[in-house]
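Trainee: Please read through the structure below; I'll follow up with questions.
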Amino acid sequence: MFEDVAERLRAANQGKLPFEDQVEYLSDLRSSVLENKKMEQDLLFMYTYMAAITTAAVTRPEIFDYTSERFEYVPSRYIAKVQRLVAGWGYSYAEGLRAVADRCRNKTLQSMLNRYANSIDSGVPDDDFITTELGSIRSIYRNTFEQGIELLKKWGDAYIAMLLSAALVAIIIMISVAIYAPGGIDAALNSSYTLIIGISIFGLGIMYRAVPDDPRTHGLAAICSREQGIIRRMERLVLPIVAAIALALILIGVNAGVIFLLVGLLLMPLGIIGYIDDANVINRDTDFSTFIRSLGSVMGGKGITTGDALQEVDKKSLPYLEPFIDSVSSKLNLGLDEAASWRKFIGETGSYLIYKYMNIFRDAVALGGSPDEIGKITGSSMLEQVLLRRKRDMMVKGFVVLLVPMHGAMIGIFVFLFEILLTMSHAVTEVMDHFAETSAALSGGSSTIGGSMGGALNIFVDFPEDTMRAYVVTILLMLTVANMFAGRIVMGGDRYMYYFFASLLCATTGIVYIVAPIIVSAFFTIPTFAGV
């Protein structure tokens with residue numbers, strides 16, 4: 001049925017579906033952005049793999065063939081195109097590399113392909129070129145990562161400043177409404193919403209482009225770390241419950257602060273477990289760079305198998321990986337399948353980098369490469385990424401420490417001013433009503449004095465409480481969501497870091513919204529002059 005509808009639409013629109021070109025353009029743009037973001041890191045993975053397998057004295061066709069099968073690396077897809085041109089169309093490897101480079105939009109990859117073609121024409125051995133190029137790629141990756149950190153630091157500060165400015169504009173609009181009580185305020189409120197949404201999207205987009213690509217978890221569906229397994233099981237139950245409870249409380253008309261606080265508390269277990277898993281993955285990655293070099297050295301130095309070499313590795317210096325190493329060592333000693341044992345090791349660590357580099361090590365060793373050299377190559381590449389991640393984490397901690405108090409202060413100013421304006425409006429309205437009644441009684445029903453005084457004191461009267469309360473809650477929701485995304489983008493990690501920031505920021509918003517009326521009523525009591 002849908003195929004017939006599509007064919008009729010194509011026939012009526014000159015062979016194309018409506019908006020097909022626009023959708024294709026947006027899809028290409030998205031793919032280009034994601035590809036460029038992952039390119040430097042995947043180039044490091046790919047060249048580490050190529051350098052590792054060259055220790056097995058593989059030929060050039062084998063290098064291209066094995067590398068083209070690693071589709072998890074973005075640049076390997078371009079190596080696969082070169083292999084197809086060589087195998088299917090009779091191109092030489094230099095011609096194929098140049099042909100693919102001409103159609104490549106990423107400058108770093110384009111330069112790499114052209115350099116490889118030039119080295120082939122110059123007669124440089126593949127292993128010499130790949131070893132040299134691996135050092136260059138590490139330098140390029142380090143430079144790109146450090147530039148991203150500096151940009152992220154600047155744009156993080158700019159994001160906070162811009163969002164604070166947008167919140168101040170919203171506060172000014174709220175004060176203006178309280179003072180002048182204009183009739184049509186929808187346009188002013190909508191402009192405030194648009195400003196905050198625009199600044200949030202712009203700031204988050206810039207930070208996302210600037211942040212270095214550094215996935216933490218492997219995302220394998222079959223097996224994962226213990227914390228990731230707990231989160232996967234819990235979120236299937238917790239998220240629907242949170243959504244249902246929040247919707248029910250909104251329909252009932254419960255205080256918005258209670259809803260924010262309840263959502264934050266319900267998501268907090270997921271956030272805490274996710275934060276623990278993120279810290280564990282980082283520590284395991286730090287240990288793994290030492291472990292893989294030690295394993296390769298023992299295997300190469302003593303000429304023994306992986307299972308025997310695991311017994312020789314000093315596991316006491318690897319506290320975060322020791323239980324996983326013991327587990328895989330026990331399985332290998334029992335004669336269980338080696339590939340399955342290592343898959344379980346990779347899955348249970350939960351680490352993206354361990355998933356990549358352990359597979360590189362095992363594939364290169366299986367091809368007959370030198371375990372000692374392979375361990376040094378993979379361990380050095382991983383150490384480079386671990387050290388850069390540590391540098392990023394120093395900046396991230398400063399941003400997160402600033403983000404949460406800034407969010408509390410921003411919404412605190414907003415909510416406290418609203419409650420103060422509401423208190424003043426109630427007090428002024430009560431005084432004016434009492435004054436009008438008194439004047440009418442003294443003048444026998446006609447009060448020109450009361451009318452003139454009412455016109456003179458028309459500020460803070462007719463404050464649209466319901467409309468402005470909805471306005472305040474909407475602004476708080478926008479700020480909370482924007483800051484949640486900002487924290488996740490800057491800190492990185494898996495999707496469960498959204499739960500961490502959502503729980504933290506929602507709880508902060510809810511507490512401020514609940515406490516603000518109590519504090520204002522206690523410290524901002526305005527006399528009503530009832531005895532006058």
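Just so it is clear, none of the values below were taken in a lab; they were calculated from the coordinates. These numbers come from a predicted model, not from an experiment. When we count neighbours, we look across all protein chains shown, and the Cβ atoms used for this are built from the backbone with ideal geometry, even at glycine.
Trainee: Counting Lys and Arg as +1 and Asp and Glu as -1, what is the net charge of the other residues whose Cβ lies under 14 Å from the Cβ of residue 400?
Mentor: +1
Trainee: Too long at a 21 Å Cα-Cα cut-off: which of 154/397; 37/356; 81/344?
Mentor: On the way: 154/397 15 Å; 37/356 18 Å; 81/344 33 Å.
In this structure, 81/344 lie more than 21 Å apart at Cα.
Trainee: In the neighborhood of residue 272, defined by Cβ-to-Cβ distances under 13 Å, what is the net charge if each Lys or Arg adds +1 and each Asp or Glu adds -1?
Mentor: Around residue 272, the charge tally is -3.
Trainee: Here is a follow-up. Quick one: P(r) of segment 128-196 from all Cα-Cα pairs, 5 Å bins, percents rounded to integers, in order of increasing distance.
Mentor: Going out from 0 Å in 5 Å bins, segment 128-196 shows 3, 14, 13, 11, 9, 8, 7, 7, 6, 6, 5, 4, 3, 2, 1, 0 percent.
Trainee: Something else: Between residue 326 and residue 519, what is the FRET efficiency for a Förster distance of 60 Å, r being their Cβ-Cβ separation, to the nearest 0.05?
Mentor: That pair, residue 326 with residue 519, gives E of 0.60.
Trainee: Determine the sum of side-chain charges near residue 302: Lys and Arg each +1, Asp and Glu each -1, restricted to other residues whose C-beta is under 12 angstrom from that of residue 302.
Mentor: Surrounding charge for residue 302 is -3.
Trainee: Take the alpha carbon atoms of segment 462-482, find their center, do the same for segment 311-389, and report the distance between the two centers in whole angstrom.
Mentor: 53
Trainee: To continue, here is another question. Along the Cα→Cβ direction, 7 angstrom out, place labels at residue 197 and residue 169. What is the inter-label distance in nm?
Mentor: Placing both labels 7 Å along Cα→Cβ, they lie 1.4 nm apart.
Trainee: For an R0 of 25 angstrom, estimate the FRET efficiency from the Cβ-Cβ distance between residue 102 and residue 136 and round to the nearest 0.05.
Mentor: Numbers: r = 21 Å, r/R0 = 0.85.
Efficiency at R0 = 25 Å is approximately 0.70.
Trainee: Can you order the peptides 340-349, 491-500, 306-315 by their average number of other Cβ atoms within 10 Å per residue, highest first?
Mentor: Going by the mean number of other Cβ atoms within 10 Å, highest first, we get 491-500, 340-349, 306-315.
Trainee: Could you compute the FRET efficiency for residue 395 and residue 223, with r as their C-beta to C-beta distance and R0 at 51 Å, rounded to 0.05?
Mentor: Working: r = 33 Å, r/R0 = 0.64.
E(calc), rounded to 0.05, equals 0.95.
Trainee: While we're here: Mind jotting down the distance between the C-alpha centroids of segment 242-303 and segment 129-166, whole Å?
Mentor: 24
Trainee: If the chain between residue 241 and residue 38 were fully stretched, how many nm would it gain, using 0.36 nm times the residue separation less the Cα-Cα distance?
Mentor: Working: separation 203, 0.36 × 203 = 73.08 nm, distance 3.56 nm.
Once the chain is fully extended between residue 241 and residue 38, it gains 69.5 nm.
Trainee: While we're looking at this one, here's another question. What distance in nm lies between label points placed 7 Å from Cα along the C-beta direction at residue 413 and residue 333?
Mentor: 6.3
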